[in-house]
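See below for the structure under consideration.
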Amino acid sequence: MICKLVRFGEGDLIASLERRGTQIQSEVAESVRRTIEQVRLRGDDALLEHARRFDAPGLESLEVSEAELLSATLEPRYLDAIRLSIQRVRSFHDKQMRHMTAGLEPVGDGVFSWSEGGLGQRLRPLSAVGVYVPGGLASYPSSVIMNTTPALCAGVSSVAVATPARKDGSLIPAVLIALRDLGITKAFKVGGAGAVAALALGTESVPKVDKIVGPGNRYVNEAKRQLWGQVGLDTFAGPSEVCVLADDTANPEWAAADLLTQVEHAEDNAGFLVALSEPQARRILDCADRQMRGAPREATMREALAQHGLAIVARDMKEAIEAVNAIAPEHLTLAVEDPDKTLQSVHNAGCVLLGEHTPESAGDFVLGPSHTLPTATAARFGGPLNVLDFLKVQSVSKLTPEQLEPLVGAIEAFGEMEGFPAHGHGALIRRQK
């Protein structure tokens, strides 16, 4: 058996699923604190030391040059894939923006407003956003696309990207091309806690931003935690998670493929299978076992499933949905006979892929919604990165003397109840002629 198999109701299953969460490690916290302080005190010099120590020993410049962006090349099928992804992700978030602002009045500079009776709100984009993209030996053009595009569609005027370089000081061509095709010209070769600190605090080269988004390792997460309040943040991204809910109509080969898609990333990723019968659960796990044999990342997938995988057998759909909502997975596949009906009971999931012709990997790369999703049960209160993450609301109020008059008594009363008479005076004084 490639992972543990349990029946719904065994032990404290639901409670243990709900207790999952990100952990703070004291040695990581101290290392990150020192890095942030060095960036605060020494700026670019500290960043270069950081980048040379962890990523590129001979790195000479933090900034990605125009020449690097323009000279990057890829074979045509990879170029086509990047451009298809950009087109679909941009189209999705443009549509979201139109729906979010429907009925609001555009007032210029990307600002929308409504007002009624002297009260209203203004919806405006953030001015500057930083995007963290994991890098080094890894290649994540999809992370560039999924994290910058919603910001651009929201109207953010300045987007800066930080990503660690390879040992020779270069970036992966696919990442450079994604940056180029998106029109991102502010990109920096630094990773980890140093990158987050630079974007939050600003240095001689790296602009200070209003909000930082994008997934990263435990040092990135800890830097976000320590800098919260000095800069806006998306979420603390934990290890990737997948949950496949499969009834007895599901194709076990396809369900197995979806289960393996996310645990391919790293040994600490989690894979959950919720099945409505033990024979179906075993069929899917057997298929996953066969599909892993000889795969390039077989060892990674087997370790992830052995350490963090769980197959749950539910007696009926009610139990299955209870398990899914307790898991609150980052990715959820509904491989069931009626996925649209089942969706109505799903309260907690970052993204939901309906039916057997919507593979997990489509959501990672080309469907349209951002693949930056809540992990470690954060889907109980959060959702995918989207244009709303890059917009802020301002309340606007304007009273006439006639509108203020009936409110004065209540203002004075609240001032008295809460022990702040000057509050009441601020309204009463306006009655004086």
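Across region 98-125, what is the number of residues that are farther than 21 Å from Val159 by Cβ and hydroxyl-bearing (Ser, Thr, Tyr)?
Step one: list which residues in region 98-125 are farther than 21 Å from Val159 by Cβ, which gives 99, 102-107, 113-122.
From the residues that got through so far, the ones that are hydroxyl-bearing (Ser, Thr, Tyr) too are 113, 115.
Selection size over region 98-125: 2.
Which residues, taken from region 337-354, are surrounded by 15 or more Cβ atoms within 10 Å (Cβ to Cβ) and not in a helix (DSSP H, G or I)?
If the condition is that a residue be surrounded by 15 or more Cβ atoms within 10 Å (Cβ to Cβ) and not in a helix (DSSP H, G or I), then Val346, Asn348, Ala349, Gly350, Cys351, Val352, Leu353, Leu354 are the ones that fit.
What's the number of the condition Arg20 fails, among (1) among the basic types (Lys, Arg); (2) modelled with pLDDT under 95; (3) over 30 Å from Ala323 (Cα atoms)?
Every listed condition holds for Arg20 apart from (3).
Does region 358-386 hold any residues that are over 25 Å from Pro125 (Cα atoms), of a type in the set (S, T, N, Q), touching a residue at least 40 places away in the same chain (Cβ under 8 Å) and part of a loop (DSSP other than H, G, I, E, B), and which are they?
Result: Thr375, Thr377.
With the requirement that a residue be small (Gly, Ala, Ser) and over 28 Å from the mean Cα position of the chain (by Cα), what does region 276-291 give you?
Narrowing region 276-291 to residues small (Gly, Ala, Ser): 277, 281, 288.
Scanning region 276-291 gives Ser277, Ala281.
To keep it simple, each residue is scored yes or no on (1) out of contact with any strand residue (DSSP E or B) (no Cβ under 8 Å at 6 or more places or on another chain); (2) under 30 Å from Val111 (Cα atoms); (3) of a type in the set (Lys, Arg).
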| residue | (1), (2), (3) |
| --- | --- |
| Pro369 | no, yes, no |
| Thr377 | yes, no, no |
| Arg380 | yes, no, yes |
| Phe390 | no, yes, no |
| Ser395 | no, yes, no |
| Ala410 | yes, no, no |
| Met417 | yes, no, no |
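Every residue in region 112-136 that is small (Gly, Ala, Ser) and farther than 30 Å from Thr400 by Cβ, please. Working first, answer last.
Our first condition is that a residue be small (Gly, Ala, Ser); within region 112-136, this holds for 113, 115, 117-118, 120, 127-128, 130, 135-136.
Within region 112-136, Ser127, Ala128, Gly130, Gly135, Gly136 meet the criteria.
Report, ordered by the first and then the second residue, all pairs with beta carbons closer than 8 Å, sequence separation of six or more or different chains, a first member in region 289-316 that is farther than 27 Å from Leu276 by Cβ, and a second member that is surrounded by fewer than 13 Cβ atoms within 10 Å (Cβ to Cβ).
That search, which allows pairs on different chains as well, returns nothing.
In the set Arg90, Arg83, which member is closer than 22 Å to Asn386 by Cβ, modelled with pLDDT of 95 or more, surrounded by fewer than 17 Cβ atoms within 10 Å (Cβ to Cβ) and not small (Gly, Ala, Ser)? Full working, then the answer.
Details: Arg90 fails: surrounded by fewer than 17 Cβ atoms within 10 Å (Cβ to Cβ).
The conditions single out Arg83.
Test Asp389 against the stated conditions and say whether it is at pLDDT 95 or above, among the charged types (D, E, K, R), assigned to a helix (DSSP H, G or I) and crowded, with 19+ Cβ neighbours inside 10 Å. Even if it seems obvious, please write down each step before you answer.
On the way: at pLDDT 95 or above: yes; among the charged types (D, E, K, R): yes; assigned to a helix (DSSP H, G or I): yes; crowded, with 19+ Cβ neighbours inside 10 Å: yes.
In short, yes.
How about region 263-296: which of its residues are assigned to a loop (DSSP other than H, G, I, E, B), out of contact with any helix residue (DSSP H, G or I) (no Cβ under 9 Å at 6 or more places or on another chain) and among the charged types (D, E, K, R)?
Passing the criteria: only Arg293.
Give me the strands (runs of 3 or more DSSP E) completely within region 155-262, filtered to those with at least 1 residues that are under 19 Å from the mean Cα position of the chain (by Cα) and surrounded by 20 or more Cβ atoms within 10 Å (Cβ to Cβ), ordered by residue number.
Passing ranges, in order: 158-162, 211-213, 241-246.
The values are calculated or read from the model by the stated rules, or taken from the named source; none is laboratory data. Note that the structure is predicted; figures quoted are calculated from it, not measured. A quick note on method: Cβ atoms are made from the backbone with ideal geometry, for glycine too, and the neighbour counts reach across all protein chains shown.
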